Structure formats: structure tokens, C-alpha cells
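All of the numbers you see were taken from the coordinates with simple rules; none came from a lab. Keep in mind it's a predicted model, so treat the numbers as computed, not measured. All Cβ positions, even for glycine, are placed from backbone atoms using ideal geometry, and neighbour counts span all protein chains on display.
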């Protein structure tokens, strides 16, 4: 039991995929333009990560070593295509704003990395907890970044079409640089530097 | 010797083939469930775009070969619509262009309205092409007046986004005449057949 909780905490804090391992930066930087996108992306990644970890863990004893990477990729690609089609069918607007980054989850190193490094060597319950922890860790990182980018870049915060608050002055003259790609780099670098400086994450 | 080979060479291949077959089955199942929903959402998107321009319409037809929509009200043609592509600052801009139905030659084509389908212009600057303050300028004007004000036309460009503005104007200017000719020829052809 203790081990399972440890697996969960590992992904959220100790080896957070984005903030510590610096994996999956491409979707983190590209899709964090609004909080809705961040939630959508987290849900997609979480689903693919949990399912792929379960399947990889289930077949770990039968998978020949030599073809394990192609096998993992086929499994992940299938799951991603299922997510992509389902999103297109039932959440067309979200699918439009996430665009190419849903199919690109196939090459997201968090998912292949966890399949190879963890799920292929551990029992199913541990693999599930690892996936949940990593998924939440990814979610925390991308949501934090998108929070800064949306507030600074548009001056207000909207979650699923409901306006939460508006910063007077900033909403009339927002800083669109934070919505642009370079804003993503600025936010993530300041975030990482602050976390290291304050000792929340330990370097090296 | 042969036994080792069998295990090392054949089993991985069979295993991978098995996984791929399973994946195909799952994808086929997902596709057959979602296919109709995806088609419906796409149709709904087209319909709502047409409704936006022609609020009174009750039916439409699409010519797949010539790529234009004919908008109908009580079986009368009230307008035409098509998708034009402009070369914007950040990539292609897809425009949905609606035309009034009664045009005889190039000089009396009246634009019913436009809306931006998709774009990748700079947020805060070129992005303003989607705003009504820009796109409404096209509503009800003659195609001959489609030009930026500095070139003697009727369209005010967006400050800070001249490339985006003129991309839309250029695409409109060229595509509207071309499409109008295509539509006119098609109508002539149809009426000849009838008579």
C-alpha cells in the first residue's frame, strides 16, 4: 500500500514529468494558451497514459524484448487515435483548438517513457498509480503555465465559457506576447527558476 | 540450433502482428461508432455558418465538383456561398464568402457577407480579422469596392495588421469574380438544358 502511494507521489512531486524530468515540453508549451486547452490536453494525456500503462503492464511477461518499443508505439498510437476520433465526434470545438497536438500525443515522451521505464517492469496496480501520478503532474504543470498565460495575455480568466474574473486595465490592454509562443518559454523558464530558487524542486 | 532461431526470430514477429491486428479491430470499432457523429458535427458547422449569413434560409445544396453552396428559400435561390483561401501573415486564412444571387456580369456582384472559418494570425493584431468591425465592412458592397481605403476601396485595414487585412481583401477580390463566373456558367448550362 505504501509503495502504491509512493508511486502516485513520485509523478506529482519527486519526478514531475514536466517540471523535473522536462519531458513532454512540446504539448506543454504549445497548448497552454488557455485553461480550457490545458484541461482538455490533461484529460487526453491522462486517458492515454493510464490505458497504455495498464496494457503494457498486462502484456509485460509475453512481450519479446526485441520488439517491445514497436509494440508500445502501436498500443499508444491506437489509444491516441481512439481519443482523437472520440473528441472529434463529441467535443468538436476542443478538438479544433487542440488540433495537431492530440495526434502528437503518440510521440509524447512522457507516455512512451513511462511504458518503457515503469509499466513494462511493474505490476498493474503500481502501473496505474504511476500513470495517474504522472498525468496529474503533467496537468499541474500545464495548468499553471496556462493560468499565467491566459491571465497576462488576455486580462481575464474564462473556464469552459464562464468568466471567472477580469483584471481592470489589463483586459483592455492585454499583453498578447504571453499568448504567443515566446510567452510560453518566458513563463516556463520563470516558473522553473522560481521553483529551483525557492527549493521546491531540488536541482541536480 | 533451429529451435533457438524459431524462438528468437519468429515469436517477436508474430507477437507484433498480433498486437497490430488487435489495434486494427479496436480502431475499426471506434471508427464505426464515431463516424456518423463526426459527419453530423461537420454538417452542423456548415449549416450554422450558412445560417449566420442567410438567417432566412430553409435549405441548401452543395455542388461538389464546382465547390459552392446554393442557398434556397421556398425553392428560390437567394444566394451563393463558397470557401476562399487567403495567404495570411501566419498561414492560410479560410474565408466563408456569401454572395447575393442576382448578378449578371462582373460589375454587379454584391457581397452578402463574409466570415472567417480558420486562421493562424497573430493574437491581438491580425486576429482582429474575425471581429465584426472588420468583416462587416464587406457586407452589401460591390466587388469593385473591395480594396483597402488607401487604394481607393471601401475596406479600412486593421492598424498593425496590414498584411492580414490585405490578404483577405486580395483573396476576396480574386476569388469572388472567379467563383461568380463559375456559378454563372453553371446556371447558363442548366437553363440551356431545360429549354
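For this structure, a couple of remarks:
- Every pair of different Cα atoms in region A:2-141 enters the Kirkwood calculation, which places the hydrodynamic radius at 14.9 Å.
- Computed lengthening from residue B:55 to residue B:73, 0.36 nm per intervening residue step minus Cα-Cα distance: 5.4 nm
- Nearest 10 degrees, 0 to 90: helix B:11-53 Cα axis against chain B principal axis: 20 degrees
- Scattering curve values for region B:114-195, log₁₀ I(q)/I(0), Debye with Cα scatterers, q = 0.12, 0.18, 0.23 Å⁻¹: -0.42, -0.76, -1.07
- Here r is the Cβ-Cβ distance between residue B:185 and residue B:120 and R0 is 45 Å; the resulting FRET efficiency, rounded to 0.05, is 0.85.
- Distance from region A:31-68 to region B:1-49 (C-alpha centre basis), Å: 16 Å
- Ellipsoid equivalent to region B:59-194 - semi-axes via the Cα gyration tensor, in Å: 28, 15, 12
- Candidates B:107, B:156, B:136, ranked by Gaussian network fluctuation over chain B, Cα under 10 Å, top entry: B:107
- Largest GNM mean-square fluctuation across A:123, A:166, A:65, computed for chain A with C-alpha springs under 10 Å, falls on A:65.
- Peptide A:53-65, shielding by other chains (average Cβ, 10 Å cutoff): 2
- Average beta carbon contacts from partner chains per residue of B:120-129, 10 Å cutoff: 3
- For a label point 7 Å along the Cα-to-beta-carbon line of residue A:6, residues of region A:18-55 with backbone N under 14 Å: none
- Each Cα pair under 8 Å and six or more residues apart adds its separation to the average, and for chain A the resulting relative contact order is 32 percent.
- The fraction of Cα-Cα pairs per 10 angstrom bin, counted from 0 for the protein assembly as shown, comes to 4, 17, 22, 21, 16, 11, 6, 2, 0 percent, rounded to whole percents.
- Were the residues from residue A:157 through residue A:170 laid out at 0.36 nm apart, the gain over their Cα-Cα distance would be 3.5 nm.
- Point-to-point label distance, residue B:64-residue B:173, nm (Cα→Cβ direction, 7 Å offset): 3.6 nm
- Computed log10 I(q)/I(0) for region A:68-119 at 0.18, 0.25, 0.29, 0.31 Å⁻¹: -0.58, -0.89, -1.05, -1.14, from the Debye equation with unit scatterers placed on every C-alpha and solvent omitted.
- Each label point was placed 7 Å from the Cα along the Cα-to-Cβ direction; for residue A:123 and residue B:9 their separation is 4.0 nm.
- Calculated P(r) tail over 26 Å for region A:57-204, as whole % of Cα pairs: 45 percent
- Dividing the radius of gyration of the alpha carbons in region A:121-175 by their Kirkwood radius gives 1.29 for Rg/Rh.
- The angle between the Cα long axis of helix B:162-194 and the main principal axis of chain B comes to about 90°, on a 0 to 90 degree scale.
- Relative exposure of A:185, B:26, A:178, B:15, judged by other C-beta atoms within 10 Å (fewest first): A:185, B:26, B:15, A:178
- Centroid-to-centroid separation of region B:66-82 and region A:164-204 [C-alpha atoms, Å]: 49 Å
- Choice from A:29, A:147, A:94 showing the highest fluctuation, given a GNM over chain A with Cα pairs closer than 10 Å: A:94
- Estimated inter-spin distance, residue A:13 and residue B:193, nm [label 7 Å along Cα→Cβ]: 7.4 nm
- Listed by Cβ neighbour count within 10 Å, with the fewest neighbours leading, A:154, B:34, A:194, A:143 appear as A:194, A:143, B:34, A:154.
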